[in-house]
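Down below is the structure, laid out as structure tokens.
The values are calculated or read from the model by the stated rules, or taken from the named source; none is laboratory data. Bear in mind that the values here come from a model prediction, so they are computed numbers and not experimental data. FYI the Cβ positions are ideal-geometry reconstructions off the backbone, even for glycines, and counts take in every protein chain you see. Calculation scope for accessible area: heavy atoms of the full protein, side chains included, ligands and nucleic acids excluded. Shrake-Rupley method; radii C 1.70, N 1.55, O 1.52, S 1.80 Å.
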Amino acid sequence: MSDIKINLLEESDAQELFTFELKNRAFFARVGFPRGDTYYVLNNFNTIIKETMKDQEKGLAYMYLIKNQNGMILGRINLISIVRGIFNKAELGYRIGEEHQGKGYATSAVKLILDKAVNNHKLHRIEAGTAPNNIGSQIVLIKNGFQFVGRYNKYIYKNGKWCDSIFFERILDWIYA
């Protein structure tokens, strides 16, 4: 396993995270994770972080930073769209900075967040979607015990067009009590 850690996002991370996002802006846009121009305005970004903190406090989402042992941000991994009650599930999302691709960080971070999902957040199911051509991300999910669920046609609107999505799920070993 890669020598990384994941830490729940805190307001004090905002400036470092903003720098990470700016540095990887073009890369994330190329691989299908574009953000609007307003995302890259510091005041707007800080507002987004504050809203994220409120969502975390309410248990609606958990945003983690993937860091190396020196504390440098390598990427992000999130549990979003959390639904409690009879479903008790979340959607998984992650992104690794361009210079850190192919080093096993995503695989390790998913393993770590699954542990948090069970032990900290008491979730039952984690769902994840990838672009059909994002084989690397699909491999990360499969290595972490996710099962292929299906393909949704024209599911998500990205980069000015409707795109298909490949869906996976992982049932966690936590018993709802």
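Check whether at least one residue in segment 58-79 is within 13 Å of His121 (Cβ to Cβ), out of contact with any Lys or Arg (no Cβ under 9 Å at 6 or more places or on another chain) and either open to solvent by 70 Å² or more (accessible area, probe 1.4 Å) or modelled with pLDDT under 95 (or both), and report yes or no.
So far as segment 58-79 goes, yes, one or more of its residues are within 13 Å of His121 (Cβ to Cβ), out of contact with any Lys or Arg (no Cβ under 9 Å at 6 or more places or on another chain) and either open to solvent by 70 Å² or more (accessible area, probe 1.4 Å) or modelled with pLDDT under 95 (or both).
For segment 130-145, check the following and say yes or no: at least one residue is in a strand (DSSP E or B), touching a strand residue (DSSP E or B) at 6+ places or on another chain (Cβ under 7 Å) and at pLDDT 95 or above.
no
Among the residues of segment 4-22, which ones are surrounded by fewer than 14 Cβ atoms within 10 Å (Cβ to Cβ) and closer than 25 Å to Asn134 by Cα?
Listed by number, the list holds a single entry, Leu22.
Can you spot a residue in segment 110-126 that is within 15 Å of Ile77 (Cα to Cα), at pLDDT 95 or above, under 12 Å from the mean Cα position of the chain (by Cα) and not in a helix (DSSP H, G or I)?
yes
Go through segment 96-133 residue by residue and tally those that are crowded, with 16+ Cβ neighbours inside 10 Å and polar (S, T, N, Q).
Summing the residues that are crowded, with 16+ Cβ neighbours inside 10 Å and polar (S, T, N, Q) in segment 96-133 gives 3.
Let's see how each residue does on (1) polar (S, T, N, Q); (2) at pLDDT 95 or above; (3) not in a helix (DSSP H, G or I):
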site: Ile6; (1), (2), (3): no, yes, yes
site: Glu16; (1), (2), (3): no, yes, no
site: Thr19; (1), (2), (3): yes, yes, no
site: Ala26; (1), (2), (3): no, no, no
site: Ala29; (1), (2), (3): no, no, no
site: Gly32; (1), (2), (3): no, no, yes
site: Arg35; (1), (2), (3): no, no, yes
site: Thr38; (1), (2), (3): yes, no, no
site: Phe45; (1), (2), (3): no, yes, no
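Sort through Phe87, Phe167 and tell me the only one that's surrounded by 13 or more Cβ atoms within 10 Å (Cβ to Cβ), of a type in the set (A, V, I, L, M, F, W, C) and over 24 Å from Asn7 (Cα atoms).
Result of the check over Phe87, Phe167: Phe167.
Which pairs do you get when a residue that is more than 17 Å from Gly93 (Cα to Cα), found in segment 46-66, comes within reach of a residue that is among the aliphatic types (A, V, I, L, M) and assigned to a helix (DSSP H, G or I), reach meaning Cβ atoms under 6 angstrom, with the pair 6+ apart or on two chains?
Short answer, once both residue conditions are applied: Asn46/Ala14.
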